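Have a look at the structure below, then the notes.
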Amino acid sequence: MDRCIVLVDAGYLLGAAASLLAGEPSRSRITVDHTALIQGIRERAESDTERPLLRIYWFDGAPDRVPQPEHRRLRVMPRVTVRLGALTRSDGRWAQKGVDAAMHAELTELARNRACSDIVLVTGDGDLLPGMMAAKEHGVAVHLWAVQAADGDYNQSEDLVAEADERRVLDRAWITKAVRPKELTGVCAPAPVPRPEIAAILSAPLPESALAASAQRAADEAAGVHHGRPGQHGEHNRHGEAGTNGDSAGAHHIPPGKGVPTPKDLAALRGPGTPAAQQPTNATLRWSSDKGWVERPGGAAESPEAAALPTLAQLTTAEQRWADREEDITTVGGDPFEVGQVFARRWMARLPEQHNLQKLSTMYPRIPHRVDGELLRYAARFGLLAHKDDQIDEHDRYAIRAGFWREVDSRTAVEHAPVGDRSGE
């Protein structure tokens with residue numbers, strides 16, 4: 001039939017694009033606009049083959065063959081079919097299994113059934129050579145597309161190149177219409193607006209109990225005794241939640257190996273130039289779990305106000321849950337900051353009593369325990385656990401929570417602004 005079909009090896013296409021734009025084949029180094037990419041592939045295929053497109057087959061790997069966010073977005077696009085192989089980890093690296101075999105089977109079956117007159121292959125793997133030869137024997141014209149190599153050399157099997165009827169190169173100009181490198185600035189999220197309560201937290205003295213604990217830990221470290229807690233650096237704790245909320249509180253350290261701290265050391269822990277008697281007594285220093293302890297007001301695990309805040313699951317109806325899932329699949333990307341914003345937006349919109357929102361704002365930067373656990377579990381749906389040993393990366397956790405607070409701040413800022421200052425009014 002006079003129409004074309006495109007078979008895309010996503011591992012090759014995106015890995016080669018990452019090498020070209022970011023200098024290494026890791027797909028985590030690039031951001032992909034899948035809508036623009038699919039549209040570009042369709043237009044290029046119809047132009048090269050002079051045939052209308054029947055379908056684009058997208059072959060990729062996924063842990064346990066479970067669709068990741070990009071796969072869910074792709075498979076609801078018109079004329080796109082997603083085929084998943086396994087993604088396994090060996091020697092610290094991820095590798096696709098079964099993708100080449102699936103492409104070979106699809107290629108030969110389409111040619112045998114005369115489903116099209118032209119097939120476009122976006123791949124570099126020589127294992128597809130038998131399938132390419134079989135397709136040609138069935139009268140199908142095979143077009144082979146390459147991604148421009150970063151070093152100017154081929155990144156495809158020479159046998160594939162020799163056997164193809166037509167060959168095209170997707171150059172940098174074409175790739176950058178839908179793919180761009182991530183900027184590695186070392187900052188996982190936009191800097192938050194300064195808040196006075198954070199200044200109070202960071203300038204607060206360590207409680208005497210904390211100073212004693214610090215001194216004991218320093219002495220133990222000098223003696224070779226190590227303290228730690230399960231859940232360090234984002235490991236799952238006994239509640240099944242990834243990481244610890246409030247991970248970034250500017251902790252003070254006693255240099256290891258220094259032994260029992262001197263009065264000068266203790267003064268340094270309290271803060272430069274500030275006598276203990278002049279420090280505020282109601283400020284609290286929030287420590288991450290990797291510091292061995294967490295200080296909270298009144299010694300309670302969580303304030304009654306925080307514990308009373310409802311979770312998103314409690315506020316969501318069955319109809320809303322279905323709509324949320326639809327939105328997650330079709331429009332929400334896997335960016336950690338965006339995930340935090342989406343969660344916060346839904347949670348705030350469904351709060352029956354808006355004074356709860358003001359109550360939450362006063363708890364910054366600490367998200368209530370139950371809400372925070374639900375937030376991280378929601379983030380796990382977007383593949384943030386897939387390539388990090390089933391743990392959410394520390395930078396991703398910061399970005400998720402930063403997105404949450406940015407959305408809360410934008411809502412409370414509008415509500416507190418004078419009427420004439422509100423946008424759109």
Within segment 55-95, which residues are crowded, with 16+ Cβ neighbours inside 10 Å, among the hydrophobic types (A, V, I, L, M, F, W, C) and assigned to a strand (DSSP E or B)? Ile56, Trp58, Phe59, Ala62, Val80, Val82, Leu84, Leu87
Going through segment 56-70 one residue at a time, which ones are acidic (Asp, Glu) and at pLDDT 90 or above? Asp60
Filtering segment 37-54 for residues that are out of contact with any strand residue (DSSP E or B) (no Cβ under 8 Å at 6 or more places or on another chain) and not in a helix (DSSP H, G or I) leaves a count of 1
Which residues, taken from segment 313-341, are over 20 Å from Arg27 (Cα atoms), hydrophobic (A, V, I, L, M, F, W, C) and out of contact with any Lys or Arg (no Cβ under 6 Å at 6 or more places or on another chain)? Ala313, Ala318, Trp322, Ala323
Assess whether His395 counts as being modelled with pLDDT under 80, farther than 24 Å from Glu326 by Cα and under 26 Å from the mean Cα position of the chain (by Cα). yes
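So that you can scan it fast, the table gives a plain yes or no per residue for (1) in contact with a Leu (Cβ under 7 Å, 6 or more places away or on another chain); (2) at pLDDT 95 or above:
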position: Val76; (1), (2): no, no
position: Val80; (1), (2): yes, yes
position: Leu84; (1), (2): no, no
position: Thr88; (1), (2): no, no
position: Arg93; (1), (2): no, no
position: Gln96; (1), (2): yes, no
position: Val99; (1), (2): no, no
position: Arg112; (1), (2): no, no
Is one or more of the residues making up segment 60-68 of a type outside the set (Gly, Ala, Ser), more than 26 Å from the chain's Cα centre (by Cα) and more than 25 Å from Gly23 (Cβ to Cβ)? no
Exactly one condition in (1) at pLDDT 80 or above; (2) in a loop (DSSP other than H, G, I, E, B) is not met by Leu375; state its number. (2)
Is there a residue being in a loop (DSSP other than H, G, I, E, B) and at pLDDT below 55 anywhere in segment 399-419? yes
Out of segment 163-199, which residues are part of a helix (DSSP H, G or I) and either at pLDDT below 90 or outside the structural domain of Glu24 (by TED's automatic domain parsing) (or both)? Pro196, Glu197, Ile198, Ala199
Select, from Thr31, Thr81, the only residue that is among the β-branched types (Val, Ile, Thr) and without any contact (Cβ under 8 Å) to a residue 60 or more places away in the chain. Thr81
Say we look at segment 96-119 and pick out the residues that are out of contact with any strand residue (DSSP E or B) (no Cβ under 7 Å at 6 or more places or on another chain) and among the polar types (S, T, N, Q); which of these is surrounded by the fewest Cβ atoms within 10 Å (Cβ to Cβ)? Asn113
For segment 339-364, which residues satisfy the criterion of being more than 24 Å from Arg321 (Cα to Cα) and among the basic types (Lys, Arg)? Lys359
Could you list, in sequence order, all residues of segment 344-356 that are at pLDDT 80 or above, in a helix (DSSP H, G or I) and either surrounded by fewer than 12 Cβ atoms within 10 Å (Cβ to Cβ) or out of contact with any Asp or Glu (no Cβ under 8 Å at 6 or more places or on another chain) (or both)? Trp347, Ala349, Arg350
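The values are calculated or read from the model by the stated rules, or taken from the named source; none is laboratory data. The structure presented is a predicted model; accordingly, all values stated were derived computationally and were not measured. No Cβ is skipped: glycine too gets one built from the backbone with ideal geometry, and neighbour counts run over all protein chains shown.
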